[in-house]
Structure formats: C-alpha cells, structure tokens
Amino acid sequence: MLASITPIQWTLIALGAMFFGMNKTGVQGIGMLAIPIFAAVFGGRVSAGIVLPLLSIADVFAVLYYHQHAEWKYILKLLPWTFSGILIGVAIGAVVSDETFRMLIGVVVLAGLAVLVWRETRKNATVPTAWWFAALAGVASGVATMIGNAAGPITTVFFLAMLLPKHGFIGTQAWYYFIANLIKVPFHVFIWRTITLETLTVNLVLAPAIFVGAFIGYRVVKLIPEKPYRVFVIVATFVATIRLFM
C-alpha cells in the first residue's frame, strides 16, 4: 500500500491528518475537509479504516487538553443511541460495494454540511432538547460516524443545544468521540476488515502530521477569524465531497 501512494497523494493525506489534529483541539469543522480527501485517495471502505486510527490518535490530544471540562451526563445521554446507529452503519457498510460506500460517505458529509450551514445561518434557531432529540441525534451520529467518520456537525448541534460553555463543549465532544471511535474499532477489524497491519503502517507514517495539527489547533485557534474560516471549510468540503460522485 505504501508503495502505491504517490508523492502528491502523500501530501494531501498528510494535510488531511494535520486537519484532524487541528479539529480535535479546537479548530472545529476543518476535519470535514479531510474525509473526502482520504476517500478519493484510498476508496470509500478502505479510507474509513485508515481514518479511524488517525481520529483516535487526535482524540487522545483532545482528551489530554480538555478532559476536565467534560459534561458526562450529556455524553451518557447520547452514547446508547450512538451505539445503535453504529450497528446500523455496520450493517449497511457490510453489504455495499466500494463505489457505493464512497458515495455513501459523500451523502453523509453533504448531510452534515447541510446541518452545519443551517446552524450557521440560523443563529437564533430553537433546537429541541427532549429525549427524542437525543435519540435522533445519537442514531444519526452513529450511522454517520461509522459510514463516513462525519458525525461532527450532528453532535455539534446537539451539544450546543445543551447550552454548554466553550470549554465544556470541546471537552464533552473530546470524550464522546474518544469513546465512540473505540467502539468502532472491533467492527473495522473483524467485520469490515478495513484496519490491517498495512493500514496501520500508513497511520504510523501520518502520526507526526496529527501531532503538528493538534499543536497548531491548540495554539492559534483564537487567532483565526471565525466567519471567513467557517465559510472556507464549508465551501472547500463541499467541493472535495462532490469529487466523490465523479
């Protein structure tokens, strides 16, 4: 696998790994841009198995930086429904072709972008907080994270609806994804067989890029103009995702 990756592809996926690190330590949303990059380089199913360990490494940094700020009652409220969504995602992913899988990733990312745009354009929108909202958000995020590692916009809306302060929001998301991503690992190893020694070798090569991204995200997140950055991420992710359908 390593020998088949071109220098241009290495550059792209290293940038993607850096985006994952930045996303987990505060630069919210930029990880969405990396998902279609990996899918374009490796194909849908394989990319899901390569991306998961990278996210798990980034999760460790996020937990280390923000673990004390987590609001566990909201994590525990969401996780059982998320597990149900993960099982649905496993069933779907086990029976579709790689081309269909790649398109499913595209659909999931586009759906996530739609939620993100909705939240950006309706700042004062009222979001429900009843039990069924947690159920809907949990199942949807479980399917999205299993199929395309793209549940970020969904959980963002849920945790913001809980009126968490900034650090509580980041810390709660950090622990939630650390646990959810660990739950997904056995399914990738034993059912989809998308995590192998070969894919882990790629992860090892890309790990330094995550370290760099995590450091950058933690240090400079406050220096990035919020509105231009979010517009860039949404547009760039949309363009990268459309490529998955071509």
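The values are calculated or read from the model by the stated rules, or taken from the named source; none is laboratory data. In this text, all values refer to a predicted model and were calculated from it rather than measured experimentally. Cβ coordinates were reconstructed from backbone atoms using ideal geometry, including for glycine residues, and neighbour counts include every protein chain displayed.
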Candidate set from the stretch 16-38 (those that are among the hydrophobic types (A, V, I, L, M, F, W, C) and closer than 18 Å to R219 by Cβ); member that is surrounded by the fewest Cβ atoms within 10 Å (Cβ to Cβ):
V27
Tell me, which residue of the stretch 58-74 that is buried (at least 20 other Cβ atoms within 10 Å of the Cβ) and at pLDDT 90 or above is farthest from T201 (Cα to Cα)?
Y74
Filter the stretch 75-92 for residues that are buried (at least 17 other Cβ atoms within 10 Å of the Cβ) and more than 19 Å from the chain's Cα centre (by Cα) and give the result.
K77
Whether any residue in the stretch 30-53 is in contact with a Gly (Cβ under 8 Å, 6 or more places away or on another chain), within 16 Å of W175 (Cβ to Cβ) and touching a residue at least 60 places away in the same chain (Cβ under 8 Å) is what I want to check.
no
Between residues in the stretch 94-122 that are over 16 Å from L33 (Cβ atoms) and of a type in the set (S, T, N, Q) and residues that are assigned to a helix (DSSP H, G or I) and at pLDDT 85 or above, which pairs lie under 8 Å by C-beta distance while being six or more apart or on different chains?
T100/G44
If we scan the stretch 166-182, do we find a residue that is at pLDDT below 90 and either touching a strand residue (DSSP E or B) at 6+ places or on another chain (Cβ under 7 Å) or more than 15 Å from W72 (Cβ to Cβ) (or both)?
yes
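Every residue, every condition in (1) over 17 Å from L64 (Cβ atoms); (2) of a type in the set (D, E, K, R); (3) under 15 Å from the mean Cα position of the chain (by Cα), yes or no:
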| residue | (1), (2), (3) |
| --- | --- |
| G148 | yes, no, yes |
| P153 | yes, no, yes |
| I179 | no, no, yes |
| F187 | yes, no, no |
| L197 | yes, no, no |
| N203 | yes, no, no |
| V220 | yes, no, no |
| K227 | yes, yes, no |
